[in-house]
Structures are given as structure tokens and as C-alpha cells.
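Please treat every number below as a calculation from the coordinates, not as lab data. The structure displayed is predicted, hence computed values, not measured ones. We place every Cβ from the backbone using ideal geometry, glycine too, and count neighbours over all the protein chains shown.
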């Protein structure tokens with residue numbers, strides 16, 4: 001019999017240990033690498049998702065840093081994890097301003113953190129014109145429905161909310177990011193059984209074509225805007241509007 005998991009499997013770090021997580025993360029890695037701008041990143045930072053899964057390609061950064069926010073694993077350093085490992089509270093990241101030009105946040109906003117605070121923290125670390133990649137569970141999906149049932153019907157206080165990709169995009173724009181690409185993946189129920197998921201593969205193909213915004217996982221790629229050109233452009237626009245509203249008096253020419 002297939003094993004149908006409720007939100008206990010999709011909550012916190014527990015969901016990372018099963019077949020479903022292995023499949024979803026594998027697909028996320030492929031899509032993130034497709035959507036990332038094809039350029040060299042000197043320093044890449046991955047925030048969250050332990051257990052040796054890297055979202056970086058081999059060409060992404062001469063320095064790759066993996067920040068594990070699950071402090072309960074601090075005594076079990078993963079030897080198979082590439083790059084450098086750092087254990088840190090997500091609300092107090094040990095990096096200076098503009099320390100990275102690529103930051104990947106796989107399901108970081110799905111954990112019990114303040115999303116606005118985390119995004120503001122990340123915005124301080126990423127360099128101007130740097131790239132931010134996020135993945136998260138979509139509330140308008142099979143996974144989102146299971147989380148809603150757990151929170152509202154089963155009264156599970158330990159289940160963190162999911163945020164719509166539209167809201168996440170609004171937050172990113174408020175803190176100075178420009179969304180450059182996004183997509184949805186995985187249109188299957190949250191079933192922890194590879195054989196059943198394979199048999200239901202037709203739902204995945206149908207979802208991509210007929211209901212693309214209802215994928216279980218969203219992926220967002222955003223670029224940190226350089227505020228200096230933006231401010232200059234804004235000031236020029238304000239100056240032009242003021243000149244149109246209050247035209248300068250013509251100067252007299254003396255013969």
C-alpha cells in the first residue's frame with residue numbers, strides 16, 4: 001500500500017528523509033540551474049536544506065558556502081557535503097554586507113521563521129546585481145491543501161504557514177529585488193511512494209499544460225537592484241514632473 005503522508009512529513013526538516021523529498025529536491029535543483037543567469041558567481045551561499053544536496057552547478061562560484069540552520073545537527077557535520085559548512089541561526093547570519101553574489105534559499109521560508117526578517121537579512125548579504133533563488137511549497141496545491149487541513153482542521157500549531165509566490169514576489173520588490181524568472185513544478189499528491197507517483201505521472205504533464213499555477217513547489221529567481229542608478233532615475237523623473245507643473249520663468253536677454 002502506498003504511504004500517504006500528512007503535514008508531519010512536510011513540516012520542518014522531517015520531510016527531507018523520504019522518497020518524496022529526494023524526488024522533489026532533485027527536480028528543484030535541475031530547474032534552479034536552468035533558470036539561473038548563465039554567468040560566473042564568485043561566492044555562492046545556500047541557506048537551508050542539509051543532507052548533502054547542493055543547488056549549485058560546478059561552475060557556480062569559486063567559493064560555495066552551505067549554511068545549515070538546523071542547529072540540532074551541529075554535532076554531525078556531513079562529510080559528503082561539498083564546499084564549506086556553517087551552522088547559524090537564520091536571523092543572525094555571520095556574513096558581512098555584500099558578501100555573496102548568489103544566494104539559494106531552498107524551502108527556507110517554509111520553516112518557522114519570519115519571512116520578512118529573513119529576506120531583509122539576506123538583502124544585506126547579497127551584492128548589488130546579485131542573484132537570489134528561492135523555492136517553497138505553493139499553498140494552492142495538493143501540498144498546500146494538506147498543510148491547510150493540518151492547521152485549520154487538526155489545529156496543529158506547529159505547522160508553519162505557506163506563502164503564495166505572489167506575496168513572496170511583493171516582498172522581494174519591497175526590499176529592492178527584481179523578479180527575473182519563476183515557475184512551478186510537481187503537480188502530484190504528496191505520496192511518499194515512488195511507484196505510485198510514477199503511475200500518476202500523467203497528472204504532472206496535465207498540470208504543466210492545464211493548471212500551471214497549481215504546482216506543489218514554486219521557484220523564484222530575483223536580482224538585487226543597484227539602488228544608485230534607481231535613485232538617479234527616480235530623482236530625474238521627479239524633477240521632470242516638477243518642471244512640468246511649475247515651469248521656470250523665462251530669463252530676459254539684454255541687448
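Summary of values
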item: Calculated FRET efficiency for the pair residue 19/residue 182, C-beta based, R₀ 22 Å, to 0.05; result: 0.25
item: Net lengthening on full extension, residue 128/residue 174 (0.36 nm per residue, minus Cα-Cα); result: 15.0 nm
item: Using a Förster distance of 51 Å, the FRET efficiency for residue 210-residue 39 (Cβ separation, nearest 0.05); result: 0.90
item: Protection proxy ranking of 203-215, 21-33 - average other beta-carbon atoms within 10 Å, highest first; result: 21-33, 203-215
